[in-house]
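**Student:** Quick one: the structure is below, questions incoming.
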Amino acid sequence: MGDTHYDPTDRHRTTLPRAGITMKDNFFWPGFILLAIAFIGTVGTVAVAAYRHYEWLTATLVVAVLGAVAGTLWIIVERRHVTFLESQWNRWTTT
């Protein structure tokens, strides 16, 4: 498929141009990694609370919340970027 950093939409090989976009667009991956960190932080928070190590509770909770917020925002921003690129393509092809 070549370099997909500038335009991750596949318009030539499918009728569904966004099919598999999360695998083709490498800029989604940091968001997924941050969400995985948030999940690990959530599991850590539950484990810390279960073992009553309350001195770690705040730290693991902060990691979980910040990871979830940052990962979600990253994916939303990249999704908007892809939508913007698609609208530019549609304007370019219709004119």
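The values are calculated or read from the model by the stated rules, or taken from the named source; none is laboratory data. Here the structure is a predicted model, which is why all the values come from computation and not from measurement. No Cβ is skipped: glycine too gets one built from the backbone with ideal geometry, and neighbour counts run over all protein chains shown.
**Student:** Looking at the structure I just gave you, is PHE84 out of contact with any helix residue (DSSP H, G or I) (no Cβ under 6 Å at 6 or more places or on another chain) and at pLDDT 95 or above?
**Tutor:** Details: out of contact with any helix residue (DSSP H, G or I) (no Cβ under 6 Å at 6 or more places or on another chain): yes; at pLDDT 95 or above: no.
In short, no.
**Student:** For the stretch 58-66, check the following and say yes or no: at least one residue is part of a helix (DSSP H, G or I), surrounded by 11 or more Cβ atoms within 10 Å (Cβ to Cβ) and over 24 Å from the mean Cα position of the chain (by Cα).
**Tutor:** Within the stretch 58-66, the subset part of a helix (DSSP H, G or I) is 58-66.
Then keep just the ones that are surrounded by 11 or more Cβ atoms within 10 Å (Cβ to Cβ); that gives 58-66.
Narrowing the set further to residues that are over 24 Å from the mean Cα position of the chain (by Cα) leaves 58.
The answer is yes; a qualifying residue exists.
**Student:** Would you check if there is a residue in the stretch 47-56 being surrounded by 14 or more Cβ atoms within 10 Å (Cβ to Cβ), in a helix (DSSP H, G or I), in contact with an Asp or Glu (Cβ under 9 Å, 6 or more places away or on another chain) and hydrophobic (A, V, I, L, M, F, W, C)?
**Tutor:** Of the residues in the stretch 47-56, the ones surrounded by 14 or more Cβ atoms within 10 Å (Cβ to Cβ) are 48-49, 56.
Add one more test, that the residue is in a helix (DSSP H, G or I), and what stays is 48-49, 56.
If we keep only those that are in contact with an Asp or Glu (Cβ under 9 Å, 6 or more places away or on another chain) as well, we get 48.
Narrowing the set further to residues that are hydrophobic (A, V, I, L, M, F, W, C) leaves 48.
Yes: the stretch 47-56 contains one or more residues that are surrounded by 14 or more Cβ atoms within 10 Å (Cβ to Cβ), in a helix (DSSP H, G or I), in contact with an Asp or Glu (Cβ under 9 Å, 6 or more places away or on another chain) and hydrophobic (A, V, I, L, M, F, W, C).
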